[in-house]
Structures are given as C-alpha cells and as structure tokens.
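Engineer: The structure under discussion is supplied below as structure tokens; questions concerning it will follow.
The values are calculated or read from the model by the stated rules, or taken from the named source; none is laboratory data. Bear in mind that the values here come from a model prediction, so they are computed numbers and not experimental data. Note that we place each Cβ from the backbone using ideal geometry, even for glycine, and neighbour counts take in every protein chain shown. Note: areas computed on protein heavy atoms with side chains; ligands, DNA, RNA excluded. Shrake-Rupley method; radii C 1.70, N 1.55, O 1.52, S 1.80 Å.
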Amino acid sequence: MQVIMAQALLGLNVGVFYAMLSLGLAVIFGLLNIINFAHGAMYMLGAFIALIGYSLLEQWFGISLQIGFWASLLVAPVIVGILGVLIERLMLKRLYELDHIYGLLLTFGITLILQGLFANYFNVSGTPYPGQPEALSGVVNLGFMYFPTYRLFAIVFSLVVCFATWWAIEHTKLGSRLRAGVENPDLTQAFGLNVPLMVTLTFAFGAGLAGLAGVLAAPIYSVSPLMGADLIIVVFAVVVIGGMGSIMGAILSGLALGLVEGLTKVFYPPAASTVIFFLMVLVLLFRPAGLFGKEK
Amino acid sequence: MTNRILFILMLVAGLTAPLFAYPVFVMDLLCFALFACAFNLLLGYAGLLSFGHAAFFGGAAYVTGYVTKEWGFSPLLGILAGAGFAMVLGAAFGFLAIRRQGIYFAMVTLALAQIIYFLALQMPFTGGENGLQGIPRGHLFGLIDLNNSLAMYYFVFAIFLLGFGIIYRTINSPFGEVLQAIRENESRALSLGYDVDHFKLLAFVISATLAGLAGATKAIIFQFAALTSAHWQTSGEVILMTLVGGLGTIFGPVVGAITVGALSHELSAYGSWVQVILGTIFVVCVMVFRRGIIGELQRLISRKGG
C-alpha cells in the first residue's frame, strides 16, 4: 500500500508537469489554432535559464549576479514569454491565413534550432541544477510516508498556477474577452478589442507557462537539451486523450495520466513509458473527440 | 513534358551515379528519396500530415533485419516482409488516425509512432540502443551476391524505381484525382458521394507500405536497423525533405531528399550545429519558400511560358 501511495504521489508529480504543459498548449491552441511544437523546447529553455542564471552567469560573462530559484520562477517565464512574443510577431503571424499545419511545421523547426543550440554547449545526458532552495530541502512526514519537500512544493505550486489560469479564463473579464476572441475574432475586434495584441499575449503566456514548468522541473530532473523532446510527445497524447475543448480538460487529464503512469510503474514497469499512448488508442476508438472534447 | 525530361534526367543520374559517387551514400539517398516520395503522396496529394512515418520506416527495418538474420529469409523476401509489416501497421495507424483531422491527425500519428519507438527500444530482439546489428545482405534470387556494392546499388535503384512508379501511377489515376479533391475541399468530395475516409485510409496504407519498403531496403544496405530510424526526428526529417523539394510535386521529394541528405552529410562534422541548420532551413521554407525547389522552378517556367 505504501508503495502504491508513494508511486501515486510521484505520478502526481509528473502529472502536474503534464497538466501545465497541456494547459499551455490548450491556451495557445484556443486562440491561435496552432499546436505549438516548440512547447517542449520552451520547457527545456526555462530549465536552462534557471541553471545558467544560478551557476553560469559569472563563469561566462563575469556578471556576479546569481539568480536563485525563487527569482528564476519569475525571470525564466518572462524570458521565454518574450521569445514567444518574438516568434508570434515575426513568424507565426504571417501564417494564420494558411493551412494550420504550417504553424506546426514552423514551431518544429524552432524546436530543432533550440535543441541544437543547447546540445552544442551542454552534455545531452544532463546537468544537475544546484540551486534548490534551502527551505525546500529535506522531507515531510505525510503520516503514511516521507516525501521530499521540494516535490510536494512543486505539486502544490503547479496546481495553484493551473487552477488560477482556469479561473482567470473562465471567471474574469479578461478571460471572457479572450473567449470572445476565440469565438469570433472579427466581431470582437469590431467592439474595439485589440485581438492581435490578445493573440500575442496569449502565446507569450502559454510559452511562459512552459518556461515556468521547466524551472520547476530543474531541481527534480537533470537539465538536458533533450528534456522537452520526449515529454512533448507524451503531452500531445495527453491532449488527444483530454480533447482540446476545455481548459479544465487539459488540467484534469494531465493530472490523471501522470497518476496512471505512476501506478503502472508499480504493477508493470516496462509499460510505464507507453501506457499513455495505449490509453490514447483506446480513447480514439471509443471517443475520438477526447474525454472532455466536444464532437464537431 | 517537364516531367518526362526530369524523369530521363533522374534515370541517367541514377544509373551513372556509382561511377562518380560513393555507392553506399547514394543508396542511402535513394532510400530517403523513396521515403520522402511516399510521405509526399500523403501530405502533398491527400493533405494529410503524418508526423509518425518513422514508425513505418524504422519498424520495417527491424522486421526485415530480424527475418533475414534469424529466419534466413532471402534479401528480397526480407524486404517484402518489412514492407508487409509496414502495410499492416499503416492500416492500424490509419484506421485510428483518420478519426481526427488536421493537426490532431498529426499529433495522433506522432503518438502512435512513439509506441513503435518504445517497442524498438525495449523488445528483446532489437538490441535496444545499439540497434539490430549483423543483418546479412545475402544473395538476390540465390545468384547475385549483394555484398558486391555495385550489385547492391542497382538492386536498390530498381526498388526505388518500382516504388516511384507505384506512386506516379497512384497520383495519375482516378484514385489520385479523388485524393486531390479531398485535399482541396473535403466536404465537397464527401457531398459528391466519395467515401472520404476510405480513400484517406487507402492513401495512408500505400504511403506507409512504401515508407516501409524504403526502411527495409536501408536495413539490408547498412546491415543494420538503427533506433534513430524509428525516432520522431526522422519523421520530421522526411517532412523537411519533402518541403524543401516541393510539396505536391512528383520530383520534389527526390530533389529534397538529395539536398537535405547531402547537406547533413557535408555538415556532419559540426555535431549539433546540423540540427540548428536543418531547423533554420525548416523555418525559412515555411516562411518564404513554401513551394520548395521544384515548385519554384515550375512557377518560373510557367511564368516564362505564359
């Protein structure tokens, strides 16, 4: 029982990353109708910004400013978000008239560039992130088991971010404007709302979310150029299972699939890395629009 | 007319290539060219972006490798087994994937292909990270020794021409016309009474089989089935080749495969910079060069003519 609970918690730990990433994808997809293939690379970028900011700034540039974990949580999403603004403004913007696959292909190209750049300077097997804050080291007694404090923090923090995003989109004025922009861009624009700006900021927000997930992941997994590459495909499967219809769908299916993966590790370890893809096949057979998606 | 000239050019270049280039390298290019042509049949003519074609390419390579190495299949039979496997896999993947459209279709194919990748990594016979090694080239029809690199080369060239011919016939047939109609306007094709899903599935299976044919041949050439062949970046590379050469043109994928293949070969000394450069080419193609090399050439010619 203890093993199951432990794996379930670890699974939830993975699940929050799935949830954050598929949430970002869903937000971007909702307004731009583009699947951001570079999402995994942006996650990787977030982790690297944390690593570089903490330990390499001085070594490389002689800047004595050390960006700790807490500051990274703010700095990395902002930098990744700015990159998102540039990508949207300079490139994606010109592709909206065309078939949506061009957006996917463009972001795939960007993925290759980002991965290649980091692979040139860093070991692909990964570098550990040394900056885990003192306050979060150690373990907490949960009654039934001891669990690393940092992981617990990552779970709680991501859940807060995910549900805050959901709340902002479903229950605030800003969110209702966004949804109006998705529903009918022309009409929304006629009402005097700056839709192109909303699109840009949405893309930046989704990208920033991926960057934030990267910073959170850095103390748990080692930081490597390929850390986003395989994750993004799992997240795609999560998205197909959840269906892109709802923000809540992205969050819940991300969490649930993390749990499923964690539990598979207990019962049949070799299948742990593929179980999500098999679930995807099942969902496609019986509910092609996804668990939370609406049939067109 | 242009196509006929290009075809003759391709034939002459293919037949004389081993005289001035390293045969194994040209064979590699031919495999990728066939792979890209098969992919183009799907994206260029039916408008379906599969992001999982590496599963057919790599999967067939493993099957061919296994049956020739462990069961003593002749090379030709082994290649057929590989292509047959890709056909069955293509039917299964296609059946699942056509339930979703557009970019969802791409994501589904990508995720399905990942299952094959994990199987290739974990199954006991595949050699994991090291790949399946020591595949024999064997004798063609029991007579021609394929360890002779010229014999091997012309065998590969014949397979390429066969695959290319099948694709050419498919495109220039009533079936191909319907595919293009689906690409242009799916709902109109549907309202004209065509069973759209059926046509899409058939196109998917043909494309998967020929991609498998290319992968199977590659396994015999290199005597090796590599894990990277099944990795999703290979699916991306074949898209790049098709895009560079010209989407929806008959010769585009061949030109694209040669261009990208030669480029990667030339740049291989620069390590991960290759990825950066390929990524940049990708971005440039999508942004300003969507017709690809052959597509742009055709536009120039028709502009001059008109």
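Engineer: Could you sort A:146-154, A:245-253 so that the peptide with the highest average Cβ count within 10 Å comes first and the rest follow in order? Provide the component values of the computation, followed by the final result.
Structural biologist: Numbers: A:146-154: 17.9, A:245-253: 23.1.
By packing density, highest mean first, the sequence is A:245-253, A:146-154.
Engineer: Next up: Pop the C-beta distance of residue B:92 and residue A:59 into the FRET formula with R0 = 41 Å and round what comes out to the nearest 0.05.
Structural biologist: Working: r = 51 Å, r/R0 = 1.25.
With R0 = 41 Å, the Cβ-Cβ based efficiency is 0.20.
Engineer: A further question follows. Relative to the present Cα-Cα distance, how much length would full extension add between residue B:172 and residue B:22 at 0.36 nm per residue of separation?
Structural biologist: Extra length from residue B:172 to residue B:22 when fully extended: 50.6 nm.
Engineer: I'd like the distance separating the alpha-carbon centroids of the range A:206-239 and the range B:65-104, in whole Å.
Structural biologist: So the two Cα centres are separated by 32 Å.
Engineer: With a Förster radius of 45 Å, plug the Cβ-Cβ distance of residue B:273 and residue B:8 into 1/(1 + (r/R0)^6) and report the FRET value to the nearest 0.05.
Structural biologist: Values: r = 37 Å, r/R0 = 0.83.
That pair, residue B:273 with residue B:8, gives E of 0.75.
Engineer: Could I ask something else about it? First select every other residue whose beta carbon is under 12 angstrom from the beta carbon of residue A:197; then total the charges, Lys and Arg +1, Asp and Glu -1.
Structural biologist: Numbers: positive: A:89, A:93, A:177; negative: A:88.
Computed value for this residue: +2.
Engineer: Just tell me the longest site-free run in chain A, where the sites are GluC sites (Glu not before Pro) in a DSSP loop having at most 15 other beta-carbon atoms within 10 Å.
Structural biologist: On the way: sites that count: A:97, A:295.
That gives A:98-294 as the longest site-free run.
Engineer: Evaluate peptide B:116-123: per residue, the Cβ atoms of other protein chains within 10 Å of its Cβ; return the mean as an integer. Don't jump to the answer; show the numbers that get you there.
Structural biologist: Numbers: counts 2, 5, 7, 1, 0, 2, 4, 1.
Whole-number average of other-chain Cβ neighbours for B:116-123 is 3.
Engineer: Can you tally the net charge around residue B:79? Count Lys and Arg as +1, Asp and Glu as -1, for every other residue whose Cβ sits under 12 Å from the Cβ of residue B:79.
Structural biologist: Charge balance near residue B:79 sits at +2.
Engineer: What base-10 log of the normalised intensity I(q)/I(0) is obtained for the protein assembly as shown from the Debye formula, alpha carbons as equal point scatterers, at q = 0.05, 0.09, 0.10, 0.12 Å⁻¹?
Structural biologist: Here the Debye-derived log intensity ratios amount to -0.22, -0.73, -0.90, -1.26.
Engineer: Would you please give the residues with an amide H less than 5 Å from that of residue A:35, counting only those at least 5 places away or on a separate chain, with H modeled from the backbone geometry?
Structural biologist: Those qualifying (amide H under 5 Å, at least 5 residues apart or on another chain) are A:104.
Engineer: Between A and B, buried accessible area summed over both sides at probe 1.4 Å, in Å² to the nearest 100? Mind showing how you got there, number by number?
Structural biologist: On the way: alone 14500 and 14680 Å², together 25220 Å².
It comes to approximately 4000 Å² buried between A and B.
Engineer: Right, here's the next one. GNM on chain B, C-alpha springs below 10 Å: top fluctuator among B:72, B:58, B:236?
Structural biologist: With Cα springs under 10 Å in chain B, the top fluctuation among B:72, B:58, B:236 is at B:72.
Engineer: Sticking with this one: Averaged over peptide A:232-244, how many Cβ atoms belonging to another chain are found within 10 Å of each residue's Cβ?
Structural biologist: Numbers: counts 2, 9, 2, 2, 9, 7, 1, 3, 7, 1, 0, 1, 3.
Counting other chains' Cβ atoms within 10 Å and averaging over A:232-244 gives 4.
Engineer: Further, regarding this structure: Once you have the Cα-Cα distance between residue A:144 and residue A:226, take 0.36 nm times their residue separation minus that, and quote the gain in nm to one decimal.
Structural biologist: Working: separation 82, 0.36 × 82 = 29.52 nm, distance 3.52 nm.
Full extension of this stretch gives 26.0 nm more.
Engineer: Shifting gears a bit: Rank by packing, highest mean first: peptides A:195-207, A:271-283, with packing defined as the count of other Cβ atoms within 10 Å averaged across residues. Walk me through the numbers on the way to the answer.
Structural biologist: Numbers: A:195-207: 21.2, A:271-283: 19.5.
Ranked from most to least packed, the peptides come out as A:195-207, A:271-283.
Engineer: Say we join alpha carbon atoms closer than 10 Å with springs in a Gaussian network model of chain B; which of B:102, B:256, B:44 then has the biggest fluctuation?
Structural biologist: B:102
Engineer: Taking 7 Å along the Cα-to-C-beta vector as the label spot, tell me the residue A:266-residue A:71 distance in nanometres, rounded to one decimal.
Structural biologist: In this crude label model, residue A:266 to residue A:71 measures out at 4.2 nm.
Engineer: Please list the radius of gyration and Dmax for the range A:88-151, considering alpha-carbon atoms only, with Å as the unit.
Structural biologist: So, for the range A:88-151, Rg and Dmax equal 20.7, 56 Å respectively.
Engineer: Can you list the HN-Hα couplings for the range A:68-85, worked out from phi with the Karplus curve (6.51, -1.76, 1.60; θ = phi - 60°), rounded to whole Hz and with x for Gly and Pro?
Structural biologist: Karplus values, whole Hz, x for Gly and Pro: x, 4, 5, 5, 4, 4, 9, 5, 4, x, 5, 5, 5, x, 5, 4, x, 4.
Engineer: Can I ask one more? Highest mean first, how do B:139-151, B:73-85, A:9-21 rank when packing is the count of other Cβ atoms within 10 Å averaged over residues?
Structural biologist: Working: B:139-151: 13.0, B:73-85: 21.8, A:9-21: 25.1.
In descending order of packing, they fall as A:9-21, B:73-85, B:139-151.
Engineer: Shifting gears a bit: State the dimensionless ratio Rg/Rh of the range A:1-119 (Rg: radius of gyration of Cα atoms; Rh: Kirkwood radius).
Structural biologist: Details: Rg = 17.3 Å, Rh = 16.3 Å.
Checking Rg against Rh, the ratio lands at 1.06.
Engineer: Let me ask something additional. Taking amide H positions as placed in the peptide plane 1.01 Å from N, state which residues far from residue A:127 in sequence (5 or more) or on other chains have amide H under 5 Å from it.
Structural biologist: Answer set, sorted by chain and number: A:223, A:224.
Engineer: Roughly how big is chain A's charge dipole about its Cα centre, with Cβ charges of +1 (Lys, Arg) and -1 (Asp, Glu), in debye to the nearest 20?
Structural biologist: With only Lys, Arg, Asp and Glu charged at Cβ, the dipole is about 280 debye.
Engineer: Also, I was wondering about something else. With a point put 7 Å past each Cα toward its Cβ, work out how far residue A:160 is from residue A:191 in nm, to one decimal.
Structural biologist: Result for the modelled spin labels: 3.2 nm.
Engineer: Can you compute 3J(HN,Hα) from phi for each residue in the range A:256-269, using the Karplus curve 6.51 cos²θ - 1.76 cosθ + 1.60 with θ = phi - 60°, rounded to whole Hz and x for Gly and Pro?
Structural biologist: Listing the rounded values in order: 4, 6, x, 4, 4, 5, x, 5, 4, 4, 6, 8, 8, x Hz.
Engineer: Here's another thing I want to ask about it. Which value, in debye to the nearest 20, describes the size of the charge dipole of the protein assembly as shown about its Cα centre when Lys and Arg Cβ atoms bear +1, Asp and Glu Cβ atoms bear -1, and nothing else is charged? Provide the component values of the computation, followed by the final result.
Structural biologist: Working: 26 positive and 23 negative charges, 167 e Å.
Charge dipole, the protein assembly as shown, about its Cα centre: 800 debye, nearest 20.
Engineer: Moving to a separate point now. I need the Kirkwood Rh of the range B:173-306: take the reciprocal of the average 1/r across all distinct C-alpha pairs and report it in angstrom.
Structural biologist: Numbers: mean 1/r = 0.0583 Å⁻¹.
Roughly 17.1 Å, rounded to one decimal.
Engineer: Still on this structure, I have one more. Hey, what number do you get for chain B at 222 nm if only DSSP H runs of n ≥ 4 count, each worth -39500 (n - 2.57), divided across all residues, to the nearest 500? Don't skip to the end; give the middle numbers.
Structural biologist: Working: 13 runs with 231 residues, N = 306.
Calculated at 222 nm, the ellipticity per residue is -25500 deg cm²/dmol.
Engineer: Calculate, in nm to one decimal, what residue B:123 and residue B:15 gain on full extension: separation in residues at 0.36 nm each, minus their alpha carbon distance. Spell out each step's value before the answer.
Structural biologist: Details: separation 108, 0.36 × 108 = 38.88 nm, distance 3.92 nm.
That works out to 35.0 nm of additional length.
Engineer: Taking a probe of 1.4 Å, how large is the accessible area per residue of chain B, in Å²? Don't skip to the end; give the middle numbers.
Structural biologist: On the way: 12640 Å² over 306 residues.
Result: 41 Å² of accessible area for each residue.
Engineer: Could you pull out every whole DSSP H run in chain B that spans at least 30 Å of Cα extent along its own axis and averages 1.6 or higher on the Kyte-Doolittle scale? It would help to have the intermediate numbers written out before the result.
Structural biologist: Numbers: long enough: B:23-46 (34 Å, 1.92); B:75-97 (32 Å, 1.97); B:102-122 (31 Å, 1.76); B:149-171 (33 Å, 1.72); B:196-222 (39 Å, 1.44).
Span-like helices here: B:23-46, B:75-97, B:102-122, B:149-171.
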